[in-house]
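Student: One structure, as structure tokens, below. Some questions next.
Bear in mind these aren't lab numbers, they're just calculated from the coordinates by the rules spelled out. A quick note: this is a predicted structure, and the numbers were derived from the prediction, not measured. Every residue, glycine among them, receives a Cβ derived from its backbone with ideal geometry; neighbour counts consider all protein chains shown.
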Amino acid sequence: SEKYPNMKRDTRFSQLNSRHVQYFKDLLGGGSAVIDGVSVDASADLEPFNSDWMRKYKGHTKLVIKPASTEEISQALKYCNDNMLAVVPQGGNTGLVGGSVPVYDEIVLSTSRINTIRSFDPVAGTLVVDAGCILESVDQFLADKGYIFPLDLGAKGSCQIGGNVATNAGGLRLLRYGSLHGNVLGLEVVLPDGTIMDDLTTLRKNNTGYDLKQLFIGGEGTLGIITGVSILCPQRSQAVNVAFFALESFEKVQHAYREAKQQLSEILSAFELMDGRSQDLVHNVTNKKRPLEGDHPFYCLIETSGSNAEHDKEKLHQFLEHVMSEEIVSDGTLADNASQMQSLWSWREGITECLGHWGGVYKYDVSIPLSDLYELVEDTRARLSSAGLVGDTNEHPVVAVVGYGHMGDSNLHLNVATRRFDKAVEEKLEPFVYEWIAKRNGSISAEHGLGLQKKPYIGYSRSETMIRLMKQIKELFDPRGIMNPYKYI
Ligand code: FAD
Ligand code: MLT
Ligand code: ZN
């Protein structure tokens, strides 16, 4: 687990006592609403709420509360604010920057019991849901109505809409449908003092004053708790096709991306990048038959979504023929049915899980100008190799340095799979990676957020003026500092 040598528990926060616990039991009805860990410090029930998805960060909460309505959240938060009890909002706990678990003994406020679909307008495509709804269930609900959720990601089976909005998750459909900053139409948020900010409009246009909801999109639970989300959902495409192909250099990947934009234009819905090593890892862990023969340094996955299956398939065939005859792509395959599509997608979506197979993963989610995108992986690999840290045996902490990501969004995921979390590896990586990115005016946090991991490094991507303004906003919304402390800024 991570240690926090430069950070101490903030003594302004109260220590949890039995009076506090009794208040929550009375408010929330005890039983399923409250897990009482006050008398048993190492309660097994609290472990999943204290550990993050990567098992890199570990908190020490003694209390998890699960309110069942916005009103209960409002009362619970007001009580926390009045009593100086620090709070961590937690959705599906799939966040990748240590933001969703406590650092010390903050109370975890889980949104999993507010999970109702409030309304759907089948003409406008506007959906209003509770924050605790699971992404995959919402997408399934929309599928039955001919619509699609404008966000998709590998953690869809457990992440929640509130968590997605709080992290401003990007995912696999951003290329086509844009970011949550554009698609979210309204939010209901409980502020730290218990005030309910009802901005749950379904209007597409609303220029009446500052657009305050934007602060909570990507606010990572530092300003308030999102309880309801109104979002614009696109029509579900009748025809979806997936192609998977191999390429011999990153120059060719860029070339293929340009060709895909030109030739597939309005039907292109995803263009994802996977390097050869990432695919070796997936193969190593799953032992599944590879989609293409041989070893290639790069692979891309293209998805098209349109309204005419024949027409789209024809376009994709022509595209593949063109890129192969021009030797931009060395090999490729097209999925013939839904299960083949899913199987091709698993070589991209499955990377995250497979990376954790050996022990720990160091993850860097960054935006870099496209031409430089893969150079970061090569430079990092060279740096760790020359330090003797990469190898096949147990004395080498690093198993592999891999790159993959959302090519269409210039968003690279640089990942270092290790046999254990290791200080020597971390010291080679940080601040090296952040300095590398700052030199190219990139972003150290493209879509996963800052959380605990990147809090010390925000200055590599934001100016002092912007950080000062952010601190003032935090002070305005959360003057007592109880919301997700020790993180973000
Ligand atoms: P949590 O992990 O519970 O919380 C995340 C943050 O939001 C925390 O800071 C938490 O305090 C805060 N929070 C949660 N709920 C609320 C709320 N209701 N109000 C206020 N604050 C809240 N991310 C991408 O952007 N793109 C991807 O493609 C992608 N793929 C992923 C694939 C896998 C396999 C995994 C494990 C993660 C992936 N992620 C991806 C990370 C991503 O951030 C999360 O999956 C998701 O958006 C977080 O939702 P959650 O409900 O799990 O939130
Ligand atoms: C992805 O694109 O797969 C996710 O952002 C998760 C990850 O970075 O591993
Ligand atoms: Zn991603």
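Student: If each residue's Cβ is checked for other Cβ atoms within 10 Å, how do 272, 303, 71 rank with the fewest at the top? Spell out each step's value before the answer.
Tutor: Numbers: 272 23, 303 26, 71 13.
The most exposed by this proxy come first: 71, 272, 303.
Student: Please compute the volume of the convex hull spanned by the alpha-carbon atoms of region 47-201 and report it per residue in Å³. Write out the running numbers ahead of the final one.
Tutor: Working: hull volume 16.8 nm³, N = 155.
Convex hull of Cα atoms, per residue: 108 Å³.
Student: So for 134, 351, fewest C-beta neighbours within 10 Å to most, what's the order?
Tutor: 134, 351
Student: Within the set of other residues whose C-beta is less than 15 Å from the C-beta of residue 285, count the net charge using Lys and Arg as +1 and Asp and Glu as -1. Spell out each step's value before the answer.
Tutor: Working: positive: 277, 288, 289, 290, 348, 419; negative: 280, 349, 353.
Cβ neighbours under 15 Å give a net charge of +3.
Student: With the Cα gyration tensor of region 188-239 in hand, convert its eigenvalues to equivalent ellipsoid semi-axes via √(5λ) and list them largest first in whole Å. Walk me through the intermediate numbers first.
Tutor: Details: eigenvalues 123, 41, 21 Å².
Equivalent-ellipsoid dimensions as semi-axes: 25, 14, 10 Å.
Student: For region 345-489, what value does the Rg/Rh ratio take when both radii are computed over Cα atoms and Rh is the Kirkwood radius, given to two decimals? Numbers along the way, then the final one.
Tutor: On the way: Rg = 16.7 Å, Rh = 16.5 Å.
We get a ratio of 1.01 for region 345-489.
Student: Starting from the Cα-Cα distance between residue 430 and residue 84, subtract it from 0.36 nm times their residue separation and give me the gain in nm to one decimal. If you can, show how the numbers build up before the last one.
Tutor: Numbers: separation 346, 0.36 × 346 = 124.56 nm, distance 3.39 nm.
Length gained, residue 430 through residue 84: 121.2 nm.
Student: First obtain the Kirkwood hydrodynamic radius of region 238-370 from its Cα pairs, then insert it into the Stokes-Einstein equation at 37 °C and 0.692 mPa s, and state the resulting D in µm² per second as a whole number.
Tutor: Numbers: Rh = 15.4 Å.
It diffuses with D of about 213 µm²/s by this estimate.
Student: Here's something else I'd like to know. Helix 464-477 versus the longest principal axis of the chain: what is the Cα-based angle in degrees, 0 to 90, to the nearest 10?
Tutor: That helix lies at roughly 40 degrees to the long axis.
Student: Pull up the cross-link candidates among the aspartates and glutamates for residue 78, meaning alpha carbon to alpha carbon under 14 Å and not fewer than 8 places away within one chain.
Tutor: 193, 478
Student: Lysine pairs, Cα distance under 21 Å, 8 or more residues apart or cross-chain: how many in region 420-481?
Tutor: Counting lysine pairs in region 420-481 gives 11.
Student: A further question follows. Provide, as a two-decimal number, the C-alpha radius of gyration of region 117-232 over 2.2 N^0.38 Å, N being how many residues it has. All intermediate terms of the calculation are to be shown ahead of the outcome.
Tutor: Numbers: Rg = 13.2 Å, N = 116, 2.2 N^0.38 = 13.4 Å.
Normalised Rg, Cα atoms only: 0.99.
Student: Given the DSSP H assignment, sum -39500 (n - 2.57) over each helix run of at least 4 residues in the chain and divide by its residue total; what's the result at 222 nm in deg cm²/dmol, nearest 500?
Tutor: Numbers: 17 runs with 157 residues, N = 489.
Theoretical 222 nm ellipticity from helices: -9000 deg cm²/dmol.
Student: What's the long-distance tail for region 212-301, i.e. % of Cα pairs beyond 15 Å? Spell out each step's value before the answer.
Tutor: Values: 2868 of 4005 pairs.
Roughly 72 percent, rounded to a whole number.
Student: Using the 10 angstrom Cβ neighbour count as an exposure proxy, how do 296, 413, 322 rank, fewest first?
Tutor: 322, 296, 413
Student: Ranked from highest to lowest mean number of other Cβ atoms within 10 Å per residue, what is the order of the peptides 194-207, 108-121? Intermediate values should be presented prior to the final figure.
Tutor: Details: 194-207: 13.4, 108-121: 18.2.
Most protected by this proxy first, the peptides run 108-121, 194-207.
Student: Would you list which lysines come within 26 Å of residue 315, measuring only between C-alpha atoms, while excluding same-chain residues fewer than 8 positions from it?
Tutor: Cα-Cα hits under 26 Å: 252, 261.
Student: Oh, and also: Over all distinct Cα pairs, what is the inverse of the mean 1/r for the chain, reported as the Kirkwood hydrodynamic radius in Å?
Tutor: Details: mean 1/r = 0.0423 Å⁻¹.
Radius from the Kirkwood sum: 23.7 Å.
Student: Still on this structure, I have one more. For region 382-466, what ratio Rg/Rh do Cα atoms give with a Kirkwood hydrodynamic radius? Could the numbers behind the result be given before it?
Tutor: Values: Rg = 14.2 Å, Rh = 14.3 Å.
Rg/Rh: 1.00.
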